[in-house]
1. Just checking, which of 56, 24, 33 is away from the ligand (no atom under 16 Å from the Cβ) and closer than 30 Å to residue 166 by Cα?
2. Within region 175-224, take every residue that is open to solvent by 30 Å² or more (accessible area, probe 1.4 Å), assigned to a loop (DSSP other than H, G, I, E, B) and touching a Cys at 6+ places or on another chain (Cβ under 7 Å) and give me the one that is nearest to the ligand (Cβ to nearest atom).
3. Among (1) near the ligand (Cβ under 10 Å from one of its atoms); (2) surrounded by fewer than 21 Cβ atoms within 10 Å (Cβ to Cβ), which single condition is residue 146 missing?
4. Among the numbered conditions (1) under 16 Å from residue 110 (Cα atoms); (2) open to solvent by 50 Å² or more (accessible area, probe 1.4 Å); (3) within 16 Å of the ligand (Cβ to nearest atom), tell me where residue 167 comes up short.
5. Checking the conditions here, which among 49, 26 is more than 25 Å from the chain's Cα centre (by Cα) and either of a type in the set (Lys, Arg) or at pLDDT 90 or above (or both)?
6. From the list 72, 97, 81, which residue is surrounded by 18 or more Cβ atoms within 10 Å (Cβ to Cβ) and within 16 Å of the ligand (Cβ to nearest atom)?
7. Restricted to region 84-94, and to residues that are among the polar types (S, T, N, Q) and touching a strand residue (DSSP E or B) at 6+ places or on another chain (Cβ under 7 Å), which residue is farthest from the ligand (Cβ to nearest atom)?
8. If a residue has to be in contact with a Leu (Cβ under 9 Å, 6 or more places away or on another chain) and either surrounded by fewer than 21 Cβ atoms within 10 Å (Cβ to Cβ) or of a type in the set (Gly, Ala, Ser) (or both) to count, how many in region 35-46 make the cut?
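The values are calculated or read from the model by the stated rules, or taken from the named source; none is laboratory data. Just so we're clear, the structure is a prediction, and the values are computed from it rather than from any experiment. A quick note on method: Cβ atoms are made from the backbone with ideal geometry, for glycine too, and the neighbour counts reach across all protein chains shown. Accessible surface areas use protein heavy atoms only, side chains included; no ligands, DNA or RNA. Shrake-Rupley method; radii C 1.70, N 1.55, O 1.52, S 1.80 Å.
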Amino acid sequence: MLLYRLSLLYGDDFPMNVQLLAHTPDPDKVVATAAKLCYSDSDIGSLYDGLTEEKTAKFIDMLVSIGHESPIEHVSFTFGIEGISRVTSHQLVRHRIASYSQKSQRYVSEAQFDFITPPLIESDPNMNAMYFEYMMRTQQFYDYLVDHGIPKEDARYILPNACSTSIVVTMNARSLFNFFKHRCCNRAQEEIRNLANEMLRLCKEVAPLIFKYAGPSCVAMGKCPEGKMTCGKYNEMQRKYKG
Ligand SMILES: Cc1cc2nc3c(=O)[nH]c(=O)nc-3n(C[C@H](O)[C@H](O)[C@H](O)COP(=O)(O)OP(=O)(O)OC[C@H]3O[C@@H](n4cnc5c(N)ncnc54)[C@H](O)[C@@H]3O)c2cc1C
């Protein structure tokens with residue numbers, strides 16, 4: 001019943017498994033050094049060594065206030081992500097300023113594929129049972145195709161977007177800021193929003209000075225760009241991300 005396990009987990013806040021696998025060492029300090037270099041004639045070693053945490057924080061605040069974003073490109077973050085749907089991975093890979101490696105449905109068999117169930121479907125027992133039945137039938141048809149000599153690369157055409165996938169993603173901090181602006185927003189779809197929020201939480205643990213400014217557009221830019229489509233929760237979002 002592995003199939004059903006993930007389906008049940010989706011209802012939790014963080015059904016997916018997101019790990020920060022690696023990041024540039026001392027990200028806050030590297031960014032502050034790169035930025036300080038632009039405005040100083042000191043050598044780089046002295047700039048780096050002279051940066052206390054207080055000075056680093058002050059410099060990053062200054063960068064943000066003047067919109068000087070390129071220094072944050074010098075630090076990168078690599079995430080290992082498991083247990084997301086192909087719906088979400090497809091939205092994720094639309095972010096082009098990044099590197100990706102995703103589990104292949106061409107080389108890896110989807111016999112016994114895991115699948116993700118959206119909470120709204122899961123909360124309705126009848127709909128959830130029909131959904132589960134649909135996944136089981138899809139699984140049976142996939143197995144039938146493979147058992148009758150159809151290669152995995154062709155059998156995969158019948159697999160649903162609900163299929164669970166794994167992906168390794170590397171983004172620099174500037175690209176992550178853009179990703180968080182779009183995907184932490186209440187207007188983003190729930191699963192990718194959960195993913196973005198978890199990635200932001202992990203970034204804040206290792207680079208709190210840089211990422212204290214990150215979040216949905218209303219937090220990062222100070223105003224909601226959604227016009228009439230706004231979620232109307234500006235104050236709540238400020239508290240959630242800046243609190
Ligand atoms: C709520 C929501 C709804 C969406 N709906 C749809 C939809 O219906 N259909 C759809 O196709 N997509 C949709 N998208 C995806 C969206 O259009 C973007 O493709 C995705 O969010 C990636 O954003 P990005 O291009 O800013 O990121 P990246 O690709 O990482 O690019 C980062 C930044 O680099 C610059 N850049 C990158 N490439 C170029 C380029 N070729 N030319 C100029 N500048 C560039 C831009 O400034 C860009 O913002 C949606 C996204 C969201 C958040």
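1. Values: 56 fails: closer than 30 Å to residue 166 by Cα; 33 fails: closer than 30 Å to residue 166 by Cα.
Exactly one of 56, 24, 33 is away from the ligand (no atom under 16 Å from the Cβ) and closer than 30 Å to residue 166 by Cα, namely 24.
2. 187
3. All conditions are met except number (1).
4. (2)
5. Exactly one residue qualifies, and that residue is 49.
6. Values: 97 fails: surrounded by 18 or more Cβ atoms within 10 Å (Cβ to Cβ); 81 fails: within 16 Å of the ligand (Cβ to nearest atom).
Every option except 72 fails the conditions.
7. Initially, region 84-94 is screened for residues among the polar types (S, T, N, Q), giving 85, 88-89, 91.
Filter once more, keeping what is touching a strand residue (DSSP E or B) at 6+ places or on another chain (Cβ under 7 Å): 85, 89.
Working: 85: 16, 89: 13 Å.
Selected residue: 85.
8. Start the filter on region 35-46 by keeping residues that are in contact with a Leu (Cβ under 9 Å, 6 or more places away or on another chain), which leaves 35-37, 40, 44.
Applying the additional criterion that residues be either surrounded by fewer than 21 Cβ atoms within 10 Å (Cβ to Cβ) or of a type in the set (Gly, Ala, Ser) (or both) yields 35, 37, 40, 44.
Looking only at that region, the number is 4.
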